[in-house]
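Encoded as structure tokens, the structure appears first; notes follow it.
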Amino acid sequence: MFHRVLPQKLINQPNAYSVFGTLISLEYLEIVLSLLKKEGYEFVSISELEEQSENEKIVALTFDDGYADNFEYAMPMLKKYNSTATFFPVVEPCKNNSVLPLDIYYQCVDEMILNEEKKFDFIKGKTKQLFYSAEPKMQMNLLNELFGQLPVNNRVSYMSDKQLKQLSDNGFEIGSHGMTHSLLTAEYMNEEKVLAELQQSKSWLEKTIGKNVKAYCFPSGKFNLRMSELVKKVGYQSACLISKKENEKLALPSYDRIFVKPNSLDELKFALKI
């Protein structure tokens, strides 16, 4: 599981994405790809995993959220190593040339002068949890409460419809990460809202790339059996999680993932028994 990718020289400090683990360097991505190649792994998409289940030397790479740096930097590196991947964009920022409230939140945090305790609270602590668990519309209100004046220009961008189409045309799988990155199991959600997230994102992506969208990725890995049933009902054939309990029942093939954070090569080797 990857998110953002930038050349090391473009990763400014402080950087909340790096601290949380959702931004790695392009150089580190190459180290990971080189390791997997060296160990003889075959790269497949999420939708190909089920038919390859007997092969222990397969790996499916996933990139969540749909940041433009995936197109600019990750795609060429993947092509260099002749590796495929599945990308899970959030539709609204791609469709509207906007960003998520979390992107504004991180930018505000990085522009503040904070001690280590406060920085932890804003990036991984209670303040972050409060913000992240709120409905996306409410998150915008919280931004004003927490920071007052918000940035005029956003420092990140998301892939456009044309870039998603080009990514797909280059052989990479496009799945859905929902319309707004709403947490499907949150208190503010109901089945009507869940179905809207699932159906509208699938429809827009299929119209954009001209292909069936088969895979869904639960935002923040938040799921339960009912949510997986709705994912299947809408027409997805597989789902990505972060982790699940042993023998947990779900309505469709669903895959745990290893979160590839900065400088986590030893963790990755341990997980892959290398």
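The values are calculated or read from the model by the stated rules, or taken from the named source; none is laboratory data. Remember, predicted model here, so these are calculated numbers, not experimental data. Cβ atoms come from the backbone with ideal geometry, glycine included; neighbour counts cover every protein chain shown.
Looking at the structure I just gave you, is F71 outside the structural domain of L146 (by TED's automatic domain parsing), buried (at least 20 other Cβ atoms within 10 Å of the Cβ) and over 30 Å from G125 (Cβ atoms)? Yes.
Return the residues of segment 146-180 that are without any contact (Cβ under 8 Å) to a residue 24 or more places away in the chain and among the small types (G, A, S); say none if nothing qualifies. Passing the criteria: only G148.
Residues of segment 193-201 include none that is in contact with a helix residue (DSSP H, G or I) (Cβ under 7 Å, 6 or more places away or on another chain), under 17 Å from V91 (Cβ atoms) and acidic (D, E). Any residue at all in segment 28-36 that's over 18 Å from the mean Cα position of the chain (by Cα), surrounded by fewer than 19 Cβ atoms within 10 Å (Cβ to Cβ), in a loop (DSSP other than H, G, I, E, B) and not hydrophobic (A, V, I, L, M, F, W, C)? The answer is no, given that none of the residues of segment 28-36 is over 18 Å from the mean Cα position of the chain (by Cα), surrounded by fewer than 19 Cβ atoms within 10 Å (Cβ to Cβ), in a loop (DSSP other than H, G, I, E, B) and not hydrophobic (A, V, I, L, M, F, W, C). Of all residues in segment 194-207, those that are within 18 Å of R226 (Cβ to Cβ) have Cβ atoms under 7 Å from Cβ atoms of residues that are in a helix (DSSP H, G or I) and of a type outside the set (F, W, Y), 6 or more apart or on another chain, in V194/M227; V194/L230; L195/L230; L195/V234; L198/L230; L198/V231; L198/V234; Q199/V234.
The number of residues in segment 170-199 being in contact with a Lys or Arg (Cβ under 9 Å, 6 or more places away or on another chain), under 12 Å from K222 (Cα atoms) and not hydrophobic (A, V, I, L, M, F, W, C) comes to 2. Within segment 195-251, if we keep just the residues that are within 18 Å of the chain's Cα centre (by Cα) and of a type in the set (V, I, T), the residue that is surrounded by the fewest Cβ atoms within 10 Å (Cβ to Cβ) turns out to be I242.
Note on segment 52-70: residues that are within 23 Å of T208 (Cβ to Cβ) and in a loop (DSSP other than H, G, I, E, B) amount to 3. A search for C-beta distances below 8 Å between a residue of segment 257-273 that is within 14 Å of Y41 (Cα to Cα) and any residue that is surrounded by fewer than 14 Cβ atoms within 10 Å (Cβ to Cβ) and of a type in the set (D, E, K, R), counting only pairs 6+ apart in sequence or on different chains, returns L272/E39.
Could you name every one of the helices (runs of 4 or more DSSP H) located completely within segment 135-234 that has at least 2 residues being outside the structural domain of Y105 (by TED's automatic domain parsing) and of a type outside the set (A, V, I, L, M, F, W, C)?
Details: elements: 136-147, 161-169, 191-209, 225-234.
Fully inside segment 135-234 and qualifying: 161-169, 191-209, 225-234.
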